1. In terms of the Cα gyration tensor, with a ≥ b ≥ c the square roots of its eigenvalues, is the range 1-50 rounded because a/c is under 1.5, prolate because a/b exceeds b/c, or oblate?
2. State, as an integer percentage, the relative contact order of the chain based on alpha-carbon contacts under 8 Å between residues 6 or more apart.
3. Could you give me the ³J(HN,Hα) list for the range 142-152, computed from phi with Karplus coefficients 6.51, -1.76, 1.60 and θ = phi - 60°, whole Hz, x at Gly and Pro?
4. GNM, the chain, Cα, under 10 Å: largest mean-square fluctuation among 97, 128, 56?
5. Could you tell me the calculated FRET efficiency between residue 86 and residue 126, based on Cβ-Cβ distance and R0 = 30 angstrom, to the nearest 0.05?
6. The range 68-152: which chymotrypsin sites (Phe, Trp or Tyr not before Pro) are DSSP loop and have at most 11 other beta-carbon atoms within 10 angstrom?
7. What number comes out for the charge environment of residue 44, summing +1 per Lys or Arg and -1 per Asp or Glu over other residues with Cβ under 9 Å away?
8. Could you tell me whether the range 27-152 comes out rounded, prolate or oblate from its Cα gyration tensor? Rule is a ≥ b ≥ c as square roots of the eigenvalues, rounded for a/c under 1.5, then prolate if a/b exceeds b/c, otherwise oblate.
Amino acid sequence: MEQKELKVSAIKNGTVIDHIPAANLFKVITLLGLENIPNQMTFGTNLESHKFGQKSIIKVADRFFADEEINKIALVAPQAKLNIIKNYEVVEKKTVSIPAEVCDLVKCFNPKCVTNHQPIATRFDVVSKSPLALRCHYCEKVTSEQQMVIIK
Ligand code: CTP
Ligand code: ZN
């Protein structure tokens, strides 16, 4: 077996979020509110991944996320894998699932929608998970997976 070498140091306690598409690392940081917490954090980006070509990883010490928090990243990191670390051991692995409601993350594709003209956060009900389809809370039009644009 090939010798394993960690590109980002192991952590003692906390959460490792692995398999984030490299392009969406900063979006995941924002969605989880990691910019403003005092915990030790390490990031790796543009790392090689057999599944994605390039992936990112986030390691947050002493922070454990509720499922609702984690599911916020499902649209930008659907393959993300969370590893819960206690005393250097992986004690649990979790995947993310698409939530019932998506807020302030995707643009409404309807050019006439109020959210495209006024500073109102978008809000959608998830009407289908695969393929993804989002119904706008304001104009009721459905934005499909192909039409989806993430708000940066
Ligand atoms: N990890 C860490 N600190 C630890 C233990 C693990 O940062 N004390 C990280 C590893 O670097 C890896 C992830 O947590 O990125 C998952 O660890 P592990 O399950 O041991 O690795 P893999 O078997 O490669 O996981 P998978 O195939 O599920 O991605
Ligand atoms: Zn709309």
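All of the numbers you see were taken from the coordinates with simple rules; none came from a lab. Since the model is a prediction, treat every value here as computed from it, not as a measurement. Cβ: placed from backbone, ideal geometry, glycine included. Neighbour counts: every protein chain shown.
1. Verdict is oblate for the range 1-50.
2. Averaging sequence separation for qualifying contacts and normalising by length gives 20 percent for the chain.
3. 9, 8, 8, 4, 5, 8, 6, 10, 7, 6, 7
4. 128
5. It comes to 0.40.
6. 88
7. Within the 9 Å Cβ shell, the charges total +3.
8. Here the range 27-152 falls in the prolate category.
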